[in-house]
Every structure is written in C-alpha cells, then in structure tokens.
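For reference, the structure discussed in these notes is given below.
The values are calculated or read from the model by the stated rules, or taken from the named source; none is laboratory data. Since the model is a prediction, treat every value here as computed from it, not as a measurement. Ideal geometry is used to build each Cβ from the backbone, glycine not excepted, and the neighbour counts take in all protein chains shown. Accessible surface is based on the protein model in full, side chains and every heavy atom, while ligands, DNA and RNA are left aside. Shrake-Rupley method; radii C 1.70, N 1.55, O 1.52, S 1.80 Å.
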Amino acid sequence: MTSRYSTIAVLLSVLFMTSCKDLRKSIDETLHPVEQKKTAPTDSNSASSSTTFSSSSVFSSGSEQNFKSIFESGARLDSIQQALYNMPGLKGKKLFFMAGLYFYDYQGGMISVDLQDPNNPENVDTYTYSNGEWDIQKPVKITGNPHFPLKMLLMPLDEIRFSTAKKVYDIAWEKTKAIEGVERTQHVYFSQIKAVHVKEWYVMVRTDRHDYRITFDVDGNFREMR
C-alpha cells in the first residue's frame, strides 16, 4: 500500500507550478480527508490510518463501561505527552514528528503520531495511544525526494503541547454550538509542512447545511472558520 507520505512528496514537487494556497489545500486533503462515520475499529492498527471513527461514550465487549472524553483535561493530555517522552528508546532524546498529530475522542482517547527514530534517524514509526498506554504500531514508508528530504517534513515535538488540543476543542465547540444541526466533533488535528509554511491546529465540524474547518495557531489561538 502506497504511503500517504509518498503522495506528499509528489505534491511538494509541484510547489512552483501552483499557488501556495492551492498546494496547502491539496496536502491537507491528502493527510486528513473529511472524516466519515464508521463503526468502531476492530484492531489497534486502525487508529493510525487516514480513516476516522465515530466514537461512543459507552463501549465494552462484556458490560457497559463509561469513558471520559480525552478532551476533558488538559493536564491529562500533557501527562500523556510526557509518557511518550518516557518510552524505552525515546527517553532523554530529542523527538521529531512528521506531518501531524491526530486526537480521537474514542473509548477514552486515541492519539496517533509519526516519530522519527532518534536512534536511527532515517526511520519513522507510528506511535498510537489507546487504552491508557503508548505502543509502536507500524513503520512509516518513506519515499526519498532530493528536493524535500526527511528533515523538511519534521518538527520538534516539544514545540507543541498536547493540552492545546483541549483548548482547540473547547473553542471550536463554543463557536459552532448554536449552529442548526451541528455535530460535536470527536477529532482534533495538528498539521505541519515546513516547505509550505503550514503549522496549525484545526477541527472539522459538520452541520446539516455546511461543514466548517476551524483553524488555530500553534498555541491554540483562533485564526478563522470557513
């Protein structure tokens, strides 16, 4: 299966043949297609794919179990980020991530991030948080491009805080909750593409008549809704 990052390299290669605005839109749609309602994933690998999920506040295989929203506490999100820093092989290392972060409000929270291996910088692996812990899910296939090397697709993880996802989530809800037919989002994204100066948080919000994309800066300050 062709990696989404191979597609990014192709998109970036036409940087000077299209406008920056159009290129950003193409890259963004490739990385984060508009979420569709799906049934719950059957395995943990589903969390790091481009398919998103419809979440439920109650889910269990045997008896009912209540899950708190992952966006309930900024402190909890920061502690989840710290737990990633403390993983074997990562502790004490400078960490860089590729393309984006994905937060899902599903079964107590799912987070996906593609990290450069600090011990083998040519490799990138998907890390997924679910069921209260981090795991390495799978390697990321990278297609080389001399014009856009791997370092052009990386950003230091310590330049953002996971707790900002809660701030983004709360602001997005306040700005849309009065719209007719609005659906409260369960997804928060952070995207960064150095080559075209993309570095932003965003959410997609559905309503009966329109879908809205709400963007924020790195610190979670509102930029625009369109």
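Here are the numbers:
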{"quantity": "Residues satisfying the stated conditions in the stretch 86-132, i.e. in a loop (DSSP other than H, G, I, E, B) and at positive phi", "calculated": "GLY89, GLY92, GLN107, GLY108, GLY109, ASN131, GLY132"}
{"quantity": "Subset of the stretch 183-204 (residues that are among the aliphatic types (A, V, I, L, M) and in contact with a helix residue (DSSP H, G or I) (Cβ under 7 Å, 6 or more places away or on another chain))", "calculated": "VAL188, ILE193, ALA195, VAL196, VAL198, VAL203"}
{"quantity": "Residues that are within 20 Å of MET110 (Cα to Cα) and among the acidic types (Asp, Glu), drawn from the stretch 148-188", "calculated": "ASP158, ASP170, GLU183"}
{"quantity": "Residue pairs meeting the criteria (Cβ under 6 Å; at least 6 apart or on separate chains; first of a type outside the set (A, V, I, L, M), in the stretch 174-202; second in a strand (DSSP E or B) and open to solvent by 80 Å² or more (accessible area, probe 1.4 Å))", "calculated": "GLN192/LYS199"}
{"quantity": "Wholly within the stretch 144-226, strands (runs of 3 or more DSSP E) carrying at least 3 residues that are modelled with pLDDT of 95 or more, under 13 Å from the mean Cα position of the chain (by Cα) and surrounded by fewer than 16 Cβ atoms within 10 Å (Cβ to Cβ)", "calculated": "none"}
{"quantity": "Test result for ALA83, in contact with a helix residue (DSSP H, G or I) (Cβ under 8 Å, 6 or more places away or on another chain) and either without any contact (Cβ under 8 Å) to a residue 40 or more places away in the chain or not in a loop (DSSP other than H, G, I, E, B) (or both)", "calculated": "no"}
{"quantity": "Residues of the stretch 104-123 that turn out to be over 23 Å from VAL196 (Cα atoms) and open to solvent by less than 60 Å² (accessible area, probe 1.4 Å), as a count", "calculated": "10"}
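Per-residue answers, yes or no, for (1) among the charged types (D, E, K, R); (2) under 22 Å from TYR85 (Cβ atoms):
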{"site": "GLN107", "(1), (2)": "no, no"}
{"site": "PRO139", "(1), (2)": "no, yes"}
{"site": "ALA165", "(1), (2)": "no, yes"}
{"site": "LYS175", "(1), (2)": "yes, no"}
{"site": "GLU180", "(1), (2)": "yes, no"}
{"site": "ARG184", "(1), (2)": "yes, no"}
{"site": "TYR202", "(1), (2)": "no, no"}
{"site": "ARG209", "(1), (2)": "yes, no"}
